[in-house]
């Protein structure tokens, strides 16, 4: 059993609308141990639903 927490337990989808802060937001989330992915704002609805609880 690993002593490290599973970062995939909590995950956040970041939609990229071209903001200069997108990478900063992702980095801050990752620093707190939260898994996140940056995807384009126009992704398919099915792909976004994969992130629902």
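The values are calculated or read from the model by the stated rules, or taken from the named source; none is laboratory data. For clarity, every value in this text was computed on a predicted model and none was experimentally measured. Positions of Cβ are generated from backbone atoms using ideal geometry, with glycine treated the same way; all protein chains shown enter the neighbour counts.
Across segment 19-41, what is the number of residues that are touching a strand residue (DSSP E or B) at 6+ places or on another chain (Cβ under 9 Å), part of a loop (DSSP other than H, G, I, E, B) and without any contact (Cβ under 8 Å) to a residue 12 or more places away in the chain?
0
Based on what the data block shows, is residue 14 modelled with pLDDT of 90 or more, out of contact with any helix residue (DSSP H, G or I) (no Cβ under 8 Å at 6 or more places or on another chain) and surrounded by 13 or more Cβ atoms within 10 Å (Cβ to Cβ)?
no
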